[in-house]
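> One structure follows; several queries about it will come next.
The values are calculated or read from the model by the stated rules, or taken from the named source; none is laboratory data. Keep in mind that what you see is a predicted model, and the values were worked out from it rather than measured. Neighbour counts run over all protein chains shown; Cβ positions are idealised from the backbone, glycine included.
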Amino acid sequence: MARRNSGRNSGGPKYPRSARVGETLREIIAEDLVRFDDERLAFVTVTGIDVDPELNRAIVFFDSLAGEDGDEEIIEALGEYRIRLQSSIARQIKAKKTPILEFKPDMAIRSSERIDEILRADRERRA
């Protein structure tokens, strides 16, 4: 008689709890940012979230059309909404604790944009 595996060892892909929580937080925060009537956050995109394994802290990475020039203002605005975002997260994920949010610009995206610009300029120069 074949035995079915259930629970953690189901043979599916290994997807750490912190990554699952991070993706859920990203969705919640992105939805909430749309609801805020704050022009400083009008063109902000949540690009990813790093959650520590104990779910105590979460770094929210963002990008915006304002680029580096708008980072300070965006971080200030997000800081003002931090408690509200954490309350929304607590209501929606129903976990024992809600990670404390920290906000940082997504430098990986900006680095890739700079590389694209350099490559594009090099192609134009060669043509």
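> Does D37 count as modelled with pLDDT of 85 or more and in a loop (DSSP other than H, G, I, E, B)?
For D37, the condition - modelled with pLDDT of 85 or more and in a loop (DSSP other than H, G, I, E, B) - is met.
> Something else: Can you tell me how many residues within region 22-43 are more than 11 Å from the chain's Cα centre (by Cα) and among the hydrophobic types (A, V, I, L, M, F, W, C)?
In the first step, residues of region 22-43 are kept if they are more than 11 Å from the chain's Cα centre (by Cα); the result is 31-43.
Next, only the ones that are among the hydrophobic types (A, V, I, L, M, F, W, C) stay: 33-34, 36, 41-43.
Residues in region 22-43 being more than 11 Å from the chain's Cα centre (by Cα) and among the hydrophobic types (A, V, I, L, M, F, W, C): 6 in total.
> Related question: Looking at D63 and the list (1) in a helix (DSSP H, G or I); (2) of a type outside the set (A, V, I, L, M, F, W, C); (3) without any contact (Cβ under 8 Å) to a residue 60 or more places away in the chain, which single condition is not satisfied?
(1)
> Report whether or not R126 is exposed (fewer than 15 other Cβ atoms within 10 Å of the Cβ) and within 24 Å of E23 (Cβ to Cβ).
No: the conditions fail for R126.
> Further question on the same structure: Failed condition for I89, given (1) in a helix (DSSP H, G or I); (2) over 27 Å from R40 (Cα atoms); (3) aliphatic (A, V, I, L, M); (4) touching a residue at least 40 places away in the same chain (Cβ under 8 Å), with all others met?
Every listed condition holds for I89 apart from (2).
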